[in-house]
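Remarks on the structure that follows.
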Amino acid sequence: MDRRELIKAFAASASLTLAGRVWAAPATDARLLVVFLRGAYDAANVVVPVGSEFYYASRPTLAVARPDAGNPNAALALDAGWGLHPSLRDSIYPLWARREIAFVPFAGTSDDLSRSHFETQDTIELGQAVGGSRDYRSGFMSRLATELTRVKPISFTDQLPLIFRGHNQIPNIGIASVSKPGVDDRQARLIREMYAKGDLANSVSEGFRVRDDVYKSVSEEMMAANRGAVSPRGFELSARRIGRLMREQFNLGFVDVGGWDTHVNQGAATGYLADRLGELGRGLAGFSEEIGPAMWRDTVVVVISEFGRTFRENGDRGTDHGHGSVYWVMGGGINGGRMAGEQVQVAQATLFQNRDYPVLTDYKAFFAGLIQHVYGLQQASLERIFTGIKPKDLNLV
Amino acid sequence: MSITATLGSRISAKLTIGTIAALVAFHQPARSAELSAQDIALLDRLTWGVNATSAAHLREIGTERWLQEQLHPANVALAAAVQKQIEAMPDVHRFPFDIAASFDQQGKSANQVADPEQRKAAQQVYQQAMNDRARQAAARTILRALYAPDQLRERLTWFWFNHFNVHQYKANIRVLVGDYEDRAIRANALGKFRTLLSATLHHPVMLRYLDNADNAAGHLNENYAREIMELHTMGVGSGYTQADVEALARILTGVGIDFKSEDPKLKPELQSQLVREGAFEFNPARHDFGDKTFLGHQIKGRGLAEVDDALDILCRHPATATHIAKQLATYFVSDNPPPALVQQMAQTFQKTDGDIAAVMSTLVHAPEFTASLKGGAKFKDPMLYVMSSVRLAYDNKVVLNTLPIQGWLNRLSEGLFNHETPDGYSMLSAAWNGPGQMMLRFEIARAIGSGSAGLFKPNEPNAVDQPAFPLVMNGLYFSNIRQTLSPTTLAALDQAVSPQDWNTLFLSSPEFMH
């Protein structure tokens with residue numbers, strides 16, 4: 001079945017309504033997945049400023065070597081100034097060669113300077129101005145979902161994250177641990193009835209619907225595994241499942257990956273951070289494989305983190321909480337193979353507070369510019385998602 | 001709440017003249033009437049869930065005496081069947097330093113095995129032994145939560161652990177996480193906040209988790225210093241600066257861990273400064289002796305005494321009183337606790353120098369708290385949901401295996417000692433009532449309601465499942481709980497086709513989730 005027929009079939013199916021919205025083909029058939037690296041990944045060791053002497057002086061034990069074809073532990077050349085961590089050689093680097101990934105250096109929160117993981121994660125997920133009172137029931141992806149009429153959002157997390165909290169109950173599912181439901185249809189009906197009049201009615205009815213959909217999709221993979229196929233683990237497994245689900249039914253997704261808070265012994269070309277990165281890269285490559293070449297063209301994956309880390313390594317071969325980060329934007333239709341957004345030379349003089357990367361691209365302006373292009377949103381819509389923000393056009397889509 | 005009810009028929013009939021005289025002399029007449037819906041809600045709010053035994057005890061002694069018992073618990077013994085299980089665990093009578101040192105040694109030996117295959121095997125044995133210790137610690141937490149008479153202390157133990165969170169899978173924290181809970185947290189759960197904070201700071205588990213064991217003069221690691229202010233005391237956005245974080249990090253240099261029996265080699269002039277208490281060590285050679293400015297105070301560089309200064313400053317800071325009061329009120333009252341209540345609790349905190357029992361007394365006696373008991377406003381977090389289910393279903397019949405419970409908590413994303421980041425688990429309903437979470441709860445309701453679910457099969461080879469039946473539709477249900485259910489819930493329960501099915505539906509009901 002080709003995609004248009006699939007969409008027609010979806011549109012005809014009454015069971016595929018979500019919280020009163022009818023699922024049909026959006027104008028661009030776009031898919032958007034936001035991947036949040038919780039713990040503030042050390043961006044400077046992933047998209048490495050290989051052109052900077054100061055980088056090598058600041059990181060005597062952590063620095064990743066300059067590109068060198070003969071050295072498997074050297075950074076992979078991106079452009080004159082930047083290199084990619086070698087653990088991403090087989091997963092992400094090919095995307096760069098195909099111009100399907102762009103990196104946005106010096107990105108982050110220009111208004112949140114707390115350097116607190118939790119505070120800044122909240123700031124980004126809420127997408128509201130810092131300083132005023134926060135509305136913890138309004139995350140920016142939830143507001144985005146509200147503006148899109150033909151959307152099927154889902155959070156691939158055990159709990160519903162702030163970013164998806166809002167007026168409409170958005171389903172969440174712990175994608176790494178899907179198992180056969182024990183509560184049967186009759187019990188499900190009785191439970192739904194108990195909740196029908198209360199606050200949790202949507203949560204419960206959406207839950208049963210998504211539970212069954214996802215189980216159906218995952219059980220195919222389980223059957224394949226039973227026939228001897230090697231099944232990946234951790235984030236790679238999750239990302240592949242997400243790819244399949246976003247190919248077939250969901251078009252706005254969120255997933256988070258923890259473990260990036262590297263104060264001690266983070267490693268350089270190999271070690272702790274390299275292992276985490278390798279898994280992340282394989283997961284994202286697996287996602288693009290599962291969503292398939294056709295859908296990949298209409299897919300955008302954005303990888304973000306709450307902030308970067310101190311530019312200089314600390315006393316424990318690690319890094320402490322910093323400021324600016326590097327965002328990734330991937331997809332088959334991305335204007336990639338380049339470093340996007342405003343940049344400065346990486347040197348002591350350009351560090352923020354003589355400590356970490358400055359923020360030159362604010363996350364709100366970045367997301368506003370991106371979603372404006374992906375969805376063709378009107379200014380009024382953007383204004384409801386990010387109040388008072390001028391979208392920044394990085395020419396990514 | 002009135003506690004002056006007259007002795008009524010049901011109870012007085014069973015009392016002898018002597019006990020009546022004793023009760024009258026005590027000026028604390030027992031309640032004779034059945035417990036009100038509010039009493040049941042009180043038990044649900046301050047314990048790990050109402051059950052027949054706790055309801056009977058509250059009825060017997062009255063609300064105010066019950067509250068005093070909970071706020072100022074005597075060192076009450078656990079039931080023999082519970083104590084027996086705890087005593088059977090290895091290490092419970094060993095000095096924690098010895099445990100940690102021997103594990104440390106085991107880890108080092110495993111790493112030194114020359115043959116790669118044998119090394120891998122030795123490392124696996126070591127990892128397995130550490131996992132066992134953490135699971136035993138979790139078993140102790142669960143057994144106490146289910147059966148300890150000092151229930152409020154157990155609720156607070158969980159709350160404070162979460163407030164001073166550590167993650168079991170960092171390094172070898174699994175070995176001492178139980179000791180951290182017992183000695184640093186539970187022992188101080190109703191005492192002075194300053195003592196509690198200091199106990200966590202002196203515990204090797206915290207020093208490892210937030211990397212202060214690696215924080216030394218000239219090699220600053222500011223992780224712990226930041227989280228003390230952001231999470232443990234003042235709260236983020238309360239006025240401290242990056243300079244304060246760095247100052248506190250400098251004050252904390254040299255505060256670390258040492259599992260070796262011999263003292264570190266020090267210059268003679270520093271030797272008197274060395275402090276060792278179990279695995280805790282203050283190593284003056286690693287300390288930054290320069291003077292510091294911390295939160296506007298000048299702190300003379302002089303060693304470990306600087307840490308005491310810093311803790312005094314932090315604990316007396318008004319932001320700390322407010323932050324702690326708000327956290328407690330969020331956990332025990334509502335997602336958005338009334339500001340007046342928080343303020344009153346913060347005042348008590350400041351007046352009593354951070355006396356936790358006094359702050360809790362302010363909370364439980366406040367009209368805002370009583371008001372919050374009506375209508376079941378607070379959605380149970382997974383720990384409370386699972387504990388209250390098991391307590392209701394089995395009352396004081398002691399489970400023989402807590403591993404199923406540990407598994408449920410993990411599946412519900414609130415596993416014991418399992419939160420990776422120092423902020424602890426969320427206390428807000430919205431974190432726990434999403435569609436995916438609700439589905440898991442119904443599955444767990446089914447597991448608990450349908451049979452013994454492995455809870456009565458001891459965790460040992462060839463163990464057999466002991467007979468046990470979850471009894472949710474019990475006396476307490478008919479006397480108190482049924483009246484609180486909505487017609488919709490009752491209608492669904494009426495369609496149950498078996499007792500197991502009924503249990504599943506009841507434990508899945510909206511009323512039981514709150």
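The values are calculated or read from the model by the stated rules, or taken from the named source; none is laboratory data. Everything numeric here is computed off the predicted structure, so don't read it as measured data. As a convention, Cβ positions derive from the backbone with ideal geometry for all residues, glycine included, and neighbour counts pool all protein chains shown. Note: areas computed on protein heavy atoms with side chains; ligands, DNA, RNA excluded. Shrake-Rupley method; radii C 1.70, N 1.55, O 1.52, S 1.80 Å.
Of the residues making up the range B:233-251, those losing 30 Å² or more of accessible area when the isolated chain is joined by the remaining protein chains, with a 1.4 Å probe, are B:Val236, B:Gln242.
Taking a probe of 1.4 Å, how large is the accessible area per residue of the range A:240-397, in Å²? Intermediate results must be reported in sequence, preceding the final value.
Details: 5110 Å² over 158 residues.
Result: 32 Å² of accessible area for each residue.
Specify the angular offset, from 0 to 90 degrees and rounded to the nearest 10, of the alpha carbon long axis of helix B:499-508 from the longest principal axis of the alpha carbons in chain B. Taking the Cα atoms of chain B, the angle to B:499-508 is about 60 degrees.
Panel note: the C-alpha atoms of chain A, placed on their principal axes, show extents of 66, 54, 37 Å (largest first). All other residues whose Cβ lies under 10 angstrom from that of A:Ala77 are scored, Lys and Arg at +1 and Asp and Glu at -1, for a net of -1. Panel note: contact residues of the range A:148-186 (accessible area lowered by at least 30 Å² against the chain on its own; 1.4 Å probe) correspond to A:Asp158, A:Gln159, A:Arg165, A:Asn172, A:Gly182, A:Val183, A:Arg186. log10 I(q)/I(0), Debye, Cα-only the range B:146-250, no solvent, q = 0.15, 0.21, 0.22 Å⁻¹? The Debye formula, applied to the Cα set alone, gives -0.65, -1.13, -1.20. This model, with +1 at the C-beta of Lys and Arg and -1 at the C-beta of Asp and Glu, gives the protein assembly as shown a dipole about its Cα centre of some 1500 debye.
The loop-placed chymotrypsin sites (Phe, Trp or Tyr not before Pro) in the range B:415-476, going by DSSP, include none that has at most 13 neighbouring Cβ atoms within 10 Å of its Cβ. In the range A:171-276, the portion of solvent-accessible area held by carbon and sulfur atoms comes to 49 percent [1.4 Å probe, whole percent, DNA, RNA and ligands not counted].
Checking a compactness column here: for the range B:472-514, what do you get for Rg(Cα) / (2.2 N^0.38 Å), N being the number of residues?
Numbers: Rg = 9.5 Å, N = 43, 2.2 N^0.38 = 9.2 Å.
Normalised by 2.2 N^0.38 Å, the Cα Rg of the range B:472-514 equals 1.04.
Between B:Gln271 and B:Arg302, the distance separating the two model label sites (each 7 Å from Cα on the Cα→Cβ line) works out to 2.3 nm. Computed over protein heavy atoms with a 1.4 Å probe, the carbon and sulfur contribution to the accessible area of the range A:290-397 reaches 48%.
If you average 1/r over all unlike Cα pairs in the protein assembly as shown and invert the result, what Kirkwood radius do you get in angstrom? It would help to have the intermediate numbers written out before the result.
Working: mean 1/r = 0.0337 Å⁻¹.
By the Kirkwood definition, the hydrodynamic radius is 29.6 Å.
P(r) for the range A:91-163: what percent of alpha-carbon pairs falls in each 5 Å bin, starting at zero? Calculated over all Cα pairs of the range A:91-163, the distribution is 3, 13, 17, 17, 15, 19, 12, 3, 1 percent. For the range B:242-312, the Kirkwood estimate of hydrodynamic radius, built from reciprocal distances between every pair of different alpha carbons, is 12.7 Å. Solvent-accessible surface, computed for protein heavy atoms with a probe of 1.4 Å, shrinks by 10 Å² or more for the following residues of the range B:444-466 when the other protein chains are added to the isolated chain: B:Arg446.
Please work out the FRET efficiency for the pair B:Gln118 and A:Ala57, using the Cβ-Cβ distance as r and a Förster radius of 45 Å; give the result to the nearest 0.05. Could you put the intermediate results ahead of the total?
Working: r = 43 Å, r/R0 = 0.95.
Efficiency computed from Cβ-Cβ geometry: 0.60.
For the pair A and B, how large is the buried accessible area, both sides, in square angstrom to the nearest 100, if the probe is 1.4 Å?
On the way: alone 16880 and 22480 Å², together 35700 Å².
The summed interface area works out to 3700 Å².
Modelled spin-label separation between A:Glu383 and B:Phe478, with each label point placed 7 Å from Cα along the Cα-to-Cβ direction: 6.5 nm.
Rg then Dmax, both in Å and based on the Cα atoms of the range B:32-136: 23.0, 73. Across chain A, the mean sequence separation of Cα contacts (distance under 8 Å, 6 or more residues apart), normalised by length, yields a relative contact order of 29 percent.
Taking 0.36 nm per residue of separation and subtracting the Cα-Cα distance, what length does fully extending B:Asn75 through B:Asp465 add? Don't skip to the answer; put the middle values down first.
Values: separation 390, 0.36 × 390 = 140.40 nm, distance 3.30 nm.
Full-extension gain reported as 137.1 nm.
Counting only Cβ charges, +1 for Lys and Arg and -1 for Asp and Glu, the dipole size of the range A:161-243 around its Cα centre is about 60 debye. Candidates B:His72, B:Ala88, B:Trp160 compared by Cα position along the dipole of the range B:51-167: farthest toward the positive end lies B:Trp160, with charges placed on Cβ. Rolling a 1.4 Å probe over the heavy atoms of the protein chains gives the range A:106-150 an accessible area of 36 Å² per residue.
So, with a 1.4 angstrom probe, what is the percent of accessible area on the range B:133-177 that is carbon and sulfur? If you can, show how the numbers build up before the last one.
Numbers: 410 of 930 Å².
Carbon-and-sulfur percentage of accessible area, whole number: 44.
For the Cα atoms of chain B, what angle does the longest principal axis make with the long axis of helix B:435-450, in degrees from 0 to 90, nearest 10? Roughly 60 degrees, rounded to the nearest 10.
Residue by residue along B:421-428, Cβ atoms of other protein chains within 10 Å of the local Cβ number 3 on average. With a Förster radius of 22 Å applied to the C-beta separation of A:Asp68 and A:Ala349, the computed FRET efficiency comes to 0.20.
Partner shielding of A:106-115 amounts to 1, given as the average count of beta-carbon atoms from other chains within 10 Å of each residue beta-carbon. In chain B, taking the dipole from charged Cβ atoms about the Cα centre, the farthest positive-side position among B:Ser508, B:Pro382, B:Leu490 is held by B:Leu490.
The three principal axes of the C-alpha atoms in chain B carry coordinate ranges of 78, 59, 50 Å, sorted with the longest axis first. Residues in chain B average 40 Å² of solvent-accessible surface per residue, probe 1.4 Å, ligands and nucleic acids excluded. Using only the C-alpha atoms, the convex hull of the range A:270-397 corresponds to 134 Å³ per residue.
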